[in-house]
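The block underneath contains the structure these notes are about, expressed in structure tokens.
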Amino acid sequence: MSLQFFADGVIAGAMIALGASGVTLTYSILRFANFAQGEFVSWGGYFALSLAGWIGSLAASAIEPLEPLSVGWSVLLALLVAMPLTGLLAWLLDVALFARLRRRGAAIALVMASFGASMALRALLEVVYSTRPAYFSRELQIAVPVGHGIRVTPDQIALLVTTAVLVAGLHLMLAYTRTGRSMRAVSESPELARVIGIDVARIIRITWFVGGGLACAAGVLLGLVVQLRPAMGFDLLLPMFAAAILGGIGSVPGALAGGLIIGIAEALAVQFVGAEWRAGVAFAVLVLVLLIRPTGLAGRMAG
Amino acid sequence: MTDFAGVLSYVSFFMVFALINGIAVLGLNLQWGQTGLFNVGVAAFVAIGAYTSALLTTPAVAGHFGGYELPIVAGWAGAMLVAGGVSALVGFATLRLRSDYLAITTFGVAVTVGLITQNAERLTGGSFGMSFIPRPFADLAQRPLAFALASVALVGIVVALVYLALERLVQSPWGRVLRAIREDERAAASLGKNPARYRLQAFAIGGAVMGLSGAVHAHVIGFIAPENYQSSLTFQVWTMLIVGGAGSNRGALAGAVLVWALWSMTGFATGVAFPADEQARAAALRIVAIGVLLAAVIVLRPRGLFGAASGPAAHAPKAAVPTVSGETEG
């Protein structure tokens with residue numbers, strides 16, 4: 001039997017992991033399940049699409065594919081601009097909606113507000129871009145053999161490398177930088193963090209920018225190897241939540257492991273049960289984790 | 001005369017669908033308004049009710065599960081039983097955990113039920129859905145006005161029964177314990193009340209009421225398909241409850257009628273203002289508008305139009321998830 005399905009699972013899992021690392025970060029610091037996180041993935045992808053189109057119209061050479069990738073440097077530049085732009089969107093949503101509810105101390109109303117925001121943001125994308133799928137490139141890529149009967153495209157390798165760099169970067173930032181330590185302090189206890197002189201409002205702002213940026217990267221990579229659709233982030237939401245909870249809320253390595261496990265489990269389901277049931281895998285994993293070990297693999301922040 | 005009859009049957013059908021939504025809103029009010037439980041899978045429980053009742057009452061089809069041709073009332077009872085049972089299972093798995101895990105799990109239920117309605121063809125008919133669901137006044141179908149009036153009378157009676165039952169429940173000692181748990185869980189527990197059990201019961205009953213809403217809808221229409229039960233339905237039911245005022249059954253019904261009126265009017269307006277090939281876009285625009293309405297009500301008027309003075313927006317389960325309160329203003 002070919003191990004191709006395993007490789008497909010790792011690639012899908014990397015995208016879930018990237019989104020889940022943003023979920024686990026905002027969840028542990030803002031302390032609510034943000035249903036709009038999936039919309040940041042979609043908006044990030046479409047921000048990059050529009051920016052890449054605009055850059056391409058300014059400089060035609062920008063859309064020449066950078067061999068062996070299927071896209072030119074217009075998309076790479078667009079990604080770098082779209083990440084802070086998506087962070088800005090996340091932060092603006094916080095200012096307009098979540099911060100007001102947080103001040104009122106209505107924790108679960110935050111979840112509901114994020115659910116409403118998620119519906120509105122997704123519908124807005126449908127208004128602007130329609131529900132038709134969009135692509136960064138029409139180039140066809142040849143999958144190259146990498147051994148054991150596995151073939152991957154250069155875009156997929158780029159996805160794996162980008163995910164590894166971003167997740168490792170997030171982990172190192174949380175572990176070793178001053179801002180990262182402050183973020184962890186706020187996730188442990190906002191009150192104590194403020195007592196020791198941490199600017200909590202600044203940490204929250206940074207959290208939204210980092211979480212939004214990671215979501216944007218996930219959206220662009222998803223658009224690169226699959227396609228862009230307004231519902232793509234919403235469809236990724238359950239796997240992202242399941243991966244973050246499986247890894248243990250607040251743990252970036254946990255989110256990475258959780259994403260890969262869910263991606264591989266989905267690939268197994270496609271192989272042995274049927275592709276149409278793929279989306280149910282994340283739910284099955286979620287229920288198992290909640291029944292057996294609700295604190296997740298790392299089990300640091302939950303409780 | 002015919003104009004008047006046309007308007008009357010239009011208004012009747014408007015009320016039929018507003019009130020069927022209202023049943024689901026009443027169920028959500030028990031879960032969220034009375035108990036503070038966050039259910040993001042309303043559409044799934046409505047769907048479970050609709051499909052259960054359809055399976056129990058439709059004539060048998062070869063290669064298909066169900067088809068028992070039971071009376072409609074048996075279908076409705078079965079719908080409540082199955083939707084309530086699934087709610088109890090979901091509650092059992094998540095209610096002992098932090099409150100937003102319930103939200104995530106119910107979201108997962110919605111995704112999974114969506115998959116089943118879409119793919120389990122022998123059970124649900126797949127994307128074709130199920131038809132030949134018996135309609136209570138099928139023999140009146142030739143006389144639209146009589147059919148509309150009979151339908152609105154039937155749905156009105158069902159809503160009245162659900163409303164009275166829930167009001168009684170809320171006023172009963174059971175309802176008082178529920179409120180006590182919502183206000184101060186530890187104090188209630190110290191009086192020997194097991195909060196987890198009461199929450200589970202409220203969640204299961206609320207789910208059963210949502211199932212009834214789906215079953216009634218299925219029999220009024222006579223045909224069901226997966227696209228009836230998308231996340232936009234959940235969103236609609238939530239908006240109805242928040243606009244009407246969480247915690248009040250009267251508010252729940254008022255919110256259902258009001259938001260359904262807004263929904264129908266915006267549908268009429270976009271139908272006139274947009275050309276046929278732009279209708280998908282126009283439908284999305286309506287959802288944006290309703291989403292903004294929901295967010296505005298949550299922020300500006302958290303108790304809704306008729307909300308109880310101590311609605312869940314004011315209480316929120318404090319013990320489970322402390323909020324970020326160290327944030328500085330501005």
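The values are calculated or read from the model by the stated rules, or taken from the named source; none is laboratory data. As the structure is a prediction and not an experimental result, all values here were calculated from the model. Cβ placement follows ideal geometry from the backbone for every residue including glycine, while neighbour counts extend to all protein chains displayed.
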Flag if B:Gln118 is at pLDDT 90 or above, farther than 17 Å from B:Gln201 by Cα and either more than 14 Å from chain A (Cβ to nearest Cβ) or not in a loop (DSSP other than H, G, I, E, B) (or both): yes
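Among the candidates A:Val273, A:Val252, A:Val225, A:Val186, which residue alone is at the interface with chain B (Cβ under 9 Å from one of its Cβ atoms), more than 11 Å from the chain's Cα centre (by Cα) and at pLDDT below 95?
Matching residue, one of A:Val273, A:Val252, A:Val225, A:Val186: A:Val186.
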For region A:185-303, give me every one of the helices (runs of 4 or more DSSP H) that falls completely inside it and has 3 or more residues that are in contact (Cβ under 8 Å) with a residue 40 or more places away in the chain and under 30 Å from A:Val127 (Cα atoms). A:200-225, A:232-247
Looking only at region B:252-267, decide whether some residue is at the interface with chain A (Cβ under 10 Å from one of its Cβ atoms), under 16 Å from A:Gly116 (Cβ atoms), small (Gly, Ala, Ser) and touching a residue at least 24 places away in the same chain (Cβ under 8 Å). no
Unique residue being hydrophobic (A, V, I, L, M, F, W, C) and more than 23 Å from B:Leu56 (Cβ to Cβ) when the list is B:Phe132, B:Phe92: B:Phe92
Select from region B:277-330 the residues that are crowded, with 17+ Cβ neighbours inside 10 Å, at the interface with chain A (Cβ under 7 Å from one of its Cβ atoms), more than 26 Å from B:Gly245 (Cβ to Cβ) and at pLDDT 50 or above and list them in ascending order. B:Arg281, B:Ala284, B:Leu285
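Quick grid of which residues meet (1) part of a helix (DSSP H, G or I); (2) over 25 Å from A:Leu260 (Cα atoms); (3) in contact with a Phe, Trp or Tyr (Cβ under 6 Å, 6 or more places away or on another chain):
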residue: A:Ala12; (1), (2), (3): yes, no, no
residue: A:Gly19; (1), (2), (3): yes, no, no
residue: A:Leu25; (1), (2), (3): yes, no, no
residue: A:Ala33; (1), (2), (3): no, no, no
residue: A:Trp43; (1), (2), (3): yes, no, no
residue: A:Ala52; (1), (2), (3): yes, yes, no
residue: A:Pro65; (1), (2), (3): no, yes, no
residue: A:Leu88; (1), (2), (3): yes, yes, no
Find the helices (runs of 4 or more DSSP H) located wholly in region A:99-181 whose residues include 3 or more that are modelled with pLDDT under 90, closer than 29 Å to B:Pro302 by Cα and within 14 Å of chain B (Cβ to nearest Cβ), and list them. A:99-104, A:107-129
Please determine whether any residue of region A:113-134 is surrounded by fewer than 17 Cβ atoms within 10 Å (Cβ to Cβ), touching a strand residue (DSSP E or B) at 6+ places or on another chain (Cβ under 8 Å) and either more than 18 Å from A:Arg31 (Cα to Cα) or touching a residue at least 40 places away in the same chain (Cβ under 8 Å) (or both). yes
Within region A:28-40, can one find any residue that is more than 12 Å from chain B (Cβ to nearest Cβ), surrounded by 24 or more Cβ atoms within 10 Å (Cβ to Cβ) and touching a Gly at 6+ places or on another chain (Cβ under 9 Å)? yes
